[in-house]
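Notes follow once the structure below has been shown.
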Amino acid sequence: MLLPLQNALGPIGHRPIGLPFGLLRGLVSWWDLDEESGVRADAVGSNDLTDVNNVLYGDGKIGNAALFAVAGGTRLEGTIQFTPNPSTGWTQGGWVYPTSTGVNQGLICLGNSASRLLRLADARAYFALTAQSAILATIPQDEWSFVLGWYDPADDKTHVQINEAVNELAGTAINEPDFALDVILGSQIGTTSVLNGKLDLMGIWSRVLTSDERTKLFNFGASIKHPFTDNGEGFRQGLVHRWSLDEESGTRADSIGGADLTENGTVTYAAGKNGNAAHWDRPKSTSNFLASAVTWAPNPATGFTFAIWVKPDGAADSGEGLIVLPGEFRLTRLADERSYWYNYNTSAGVRAIAGGDILQDQWSLVVAWYDPATDQHHVQVNGGTVANSAVGTPTNSAAIFNLGNQPGTYPFAGELDEPMVWDRTLTVAERAALYAAGAGRFYDFNTL
C-alpha cells in the first residue's frame, strides 16, 4: 500500500536544521542515484525507489547514475506518493543521458499522465499535465542534458527547460492534479515509454524554482549535488600549482605545489580579479618577471591544463609572455592581441595555435590545455571558441615557471592573477564554471 507523502520537507527526521533556504526549500525528494543496484535512496524524504527488472548503473554526471534499458522494461518506482498543490506549483527533473531514440521515453513521471516529463520519439523534451503540454527542442543523444519540467500557477502554464533554454511556448494547463501520484523514474508507467539511457541527480520540489535556482542547479553544465553547497572537490582534483598573487612584492607563494615564484626586477601589485594581482609597469622590461626554482613536467597520458586571468594595460607590441616554461611551453599574447599557445616539443615537432583576443584594460580568462583523447593542444579565451592545433604528443622535459615574460623577450605590462596548473584536462563544463560568465570561480572553489 502506498503511503501519502508526510510533508513537503520530508519527515521530521530528515528536515534540515532551521528554516530551509534556497534549493532546500520545498525539496520533497532527491535521488543521487549512486547505488549500483537495488533500492535507490531518497536523500531528503523517505521515498526510496524500488528497483524493477534490474536497473543497472553507469558513469553519472557526478558519481554513478541509474542505467535503464527498454529491452528489460527497467524502471524505479517510489514507495510513497506525491500530491501536487496547484496553488504553489511544483518542479521535477534532473540530468538525462539518452542512448537511443525512436520511441517515447519516460524520465521522471508522477502518475501515468498527470505530470510527466518525457523524451519524445523525435528526441524533443516534453512536460505535460493531463491535457496540456510544453515541448522544447531536442534532448541530444549520448551526452548529458539538464532537463526540468514545472507547473507555474502565476501564469497557469507548464514549462520545460533543457540546460539553460526555457520553453517560451508553454501550454495553458487544464485539470492540474491535486491528488496522490505514483513516482516513476525511467518509464511513464510499467513497461510503457521506458528509457534507454541514464538518469542522475533527480529531484521533486513542491514549488516553482526561480530562474536563479535553476541556473545554480545547472552550474554552467557542471551540476551540483544535494545539499547544494558544492565544495569544489571536483575542481581541486589534479590541481598541482596555484598562485594567488596577492602579495604586494617579493616572493609569490604556490599554495598547492611548492613552486614559489621569486621576484626578479620589480613586480608590484594592483587590484586583481580576486584580491590582489601581480602588476608589471611600463616601460616594459625583460628584467621584470616572476620565476620558480621548482620545475614541472607534463604527463601526456593524463593531459594538462593552464589557466590565468590577464588584464593588459595597452598594446602587446611584439608580444607578451603570460605563463612560460622556457624551452618547453609558452602561453603568450601576440602583437595583434590574440592568445597564443606554443609547445616546442611534441612527437610531430612544434605545435602552436592562436586563439581568441586578450583585450587591453579588461580581465580575460585564458585557458590552454593538451587533451590526450584528441592528441591536440587547445586554447580558449573567456569561454569562447576553442582553437585546436594539429596532432602532436608532448615530449617535454621538466622546466621552471616564468610569469610576465619569456626570458630575454616578450615582456608584459598590466596585471596577471590566479594562474593555475592541473595535471589533467578540464572538461567543457569545468572551463565554463571556471569562467562563470565573467565573474570567475577561484580556489578553493567552494562557492558558486
- Determine whether ALA429 is of a type in the set (Gly, Ala, Ser), more than 18 Å from LEU359 (Cα to Cα) and touching a helix residue (DSSP H, G or I) at 6+ places or on another chain (Cβ under 8 Å). yes
- Query: Is it the case that ASP32 is of a type in the set (Asp, Glu), more than 23 Å from ALA429 (Cα to Cα), out of contact with any Pro (no Cβ under 9 Å at 6 or more places or on another chain) and buried (at least 18 other Cβ atoms within 10 Å of the Cβ)?
  - Reply: no
- Message: Condition (residue is assigned to a strand (DSSP E or B), within 18 Å of PRO177 (Cβ to Cβ) and among the small types (Gly, Ala, Ser)) applied to the range 71-78: is it met by at least one residue?
- Response: yes
- Qualifying residue in the range 264-279 (condition: part of a strand (DSSP E or B), of a type in the set (Ser, Thr, Tyr), in the same structural domain as PRO411 (by TED's automatic domain parsing) and at negative phi): yes
- The number of residues in the range 18-45 that are without any contact (Cβ under 8 Å) to a residue 60 or more places away in the chain and either more than 21 Å from ILE189 (Cα to Cα) or in contact with a Gly (Cβ under 6 Å, 6 or more places away or on another chain) (or both) is 8
- Note on the structure: Of (1) closer than 19 Å to HIS226 by Cα; (2) modelled with pLDDT of 95 or more; (3) more than 21 Å from the chain's Cα centre (by Cα), TRP31 satisfies every one except (3)
- For the range 190-205, what are the residues that are in contact with a strand residue (DSSP E or B) (Cβ under 7 Å, 6 or more places away or on another chain) and either within 16 Å of SER100 (Cβ to Cβ) or at pLDDT below 95 (or both)? SER193, VAL194, LEU195, ASN196, GLY197, LYS198, LEU199
- Message: Suppose we filter the range 120-150 for residues that are at pLDDT 90 or above and either within 15 Å of VAL208 (Cβ to Cβ) or touching a Leu at 6+ places or on another chain (Cβ under 9 Å) (or both); how many remain?
- Response: 6
- Identify the residue in the range 393-448 that is surrounded by 22 or more Cβ atoms within 10 Å (Cβ to Cβ) and among the small types (Gly, Ala, Ser) and, among all such residues, is farthest from TYR269 (Cα to Cα). ALA433
- Item | Members of the range 355-411 found to be without any contact (Cβ under 8 Å) to a residue 40 or more places away in the chain and of a type in the set (Asp, Glu), listed by number | ASP357, ASP375
- Looking for whichever is surrounded by 17 or more Cβ atoms within 10 Å (Cβ to Cβ) and under 17 Å from ILE184 (Cα atoms) here; the options are ILE135, ILE108. Which one fits? ILE108
- Task: Those residues that are touching a Ser or Thr at 6+ places or on another chain (Cβ under 6 Å) and either in a loop (DSSP other than H, G, I, E, B) or surrounded by fewer than 23 Cβ atoms within 10 Å (Cβ to Cβ) (or both), I need them from the range 96-105; list them, please.
- Result: ASN104
- Item | TYR342 being in contact (Cβ under 8 Å) with a residue 40 or more places away in the chain and assigned to a strand (DSSP E or B) | no
- Taking ALA352 as meeting all but one of (1) assigned to a strand (DSSP E or B); (2) touching a residue at least 60 places away in the same chain (Cβ under 8 Å), write down the number of the exception. (2)
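The values are calculated or read from the model by the stated rules, or taken from the named source; none is laboratory data. Every value quoted in this text rests on a predicted model; they were computed, and no experiment measured them. With ideal geometry, Cβ positions are generated from the backbone for all residues, glycine too; neighbour counts draw on all protein chains shown.
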